[in-house]
Structure formats: C-alpha cells, structure tokens
Amino acid sequence: ILGAPFGPLLAAVVADRFERKYVIIGFGLGLGLSIFAFGSASSTWAVIVAGTIVSGLSQGLTAVFYTYGPELFPTHIRGAGMGAAGGFSRMAGIASGPLVALVMTSAGFTAATYYLAAVSLALCAVVALGPRTRGVLTEAV
C-alpha cells in the first residue's frame with residue numbers, strides 16, 4: 001500500500017512522454033520482477049520493499065492502461081470496445097482468484113508469486129503486439 005500513490009504519479013510523468021505501449025511494458029517488466037522478488041524475499045525488509053514496489057507499479061500500470069485502452073478503438077466504437085474489454089477484464093479477475101488459490105494450495109506461496117510474475121511478463125508480450133498510439137489521431141484508428 002505504501003507504493004500505491006507513487007505508481008500513478010510516475011505514470012503521469014512518463015505516459016505522455018513515451019509511447020504508451022512501451023510504458024506499459026516497462027511497468028509490466030518491473031512488476032514481474034518485483035513480484036518475483038516478493039516471492040523470493042527472505043527478510044521482513046525485503047518483503048516490505050518488494051511489496052511497496054509491486055503496489056506502486058501495479059497502480060501505475062493500471063493508470064497507463066486506462067489511457068492506452070481507449071486509443072485502440074475507433075471513435076465511433078470506443079465505448080463498446082472499452083466496455084467489452086472491461087467485461088473480459090472482470091471475468092479474468094473473477095477466474096484469477098480461484099486459480100491463484102489453487103496454485104498456492106497445491107504448490108505453495110512462492111509458486112503462486114512466480115505464477116503471478118509470469119502472468120505480468122506474458123502481459124508484456126501481448127502488449128508488445130499492440131499498435132503504437134502516440135501522435136495518432138483517434139479518428140485514424
């Protein structure tokens with residue numbers, strides 16, 4: 001929770017200076033690495049530091065996603081596109097809780113955090129396939 005306000009502040013600084021998909025990839029890579037560090041932490045301070053970074057980067061990633069997402073759809077279907085994307089996001093969120101619980105009960109906490117780190121890295125791979133949006137008129141999408 002300590003890092004939560006700093007992620008969006010960092011996102012506000014970099015989201016308009018760089019291509020948003022690359023900002024998302026940067027946040028995602030940092031998030032994946034910090035989740036891995038959190039799961040591997042062997043001291044209280046390591047858990048606090050890694051957890052703070054996880055909190056900040058996840059909030060920053062969300063902030064940039066909410067900017068990048070609408071830019072992927074033409075103006076005339078932007079609302080429907082974001083609505084559908086939001087719906088799929090909610091369904092994935094519903095499924096992720098039991099899935100993480102299953103991994104945690106069958107393989108342990110560390111395995112669950114490694115799974116979440118892998119998901120964060122997979123997100124980067126998917127976003128890398130997305131279009132560039134910086135400087136593109138939304139009507140031209």
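Taken together, the values in this text are just the output of simple stated rules run on the coordinates, not laboratory data. For clarity, every value in this text was computed on a predicted model and none was experimentally measured. Cβ: placed from backbone, ideal geometry, glycine included. Neighbour counts: every protein chain shown.
Quick notes on this one:
- Between D16 and S106, the contour length at 0.36 nm per residue exceeds the alpha carbon distance by 28.1 nm.
- Amide H contacts of A4 (H built 1.01 Å from N, under 5 Å, at least 5 apart or other chain): G56
- Cβ-Cβ FRET estimate between S42 and M91, R0 fixed at 35 Å, reported to 0.05: 0.45
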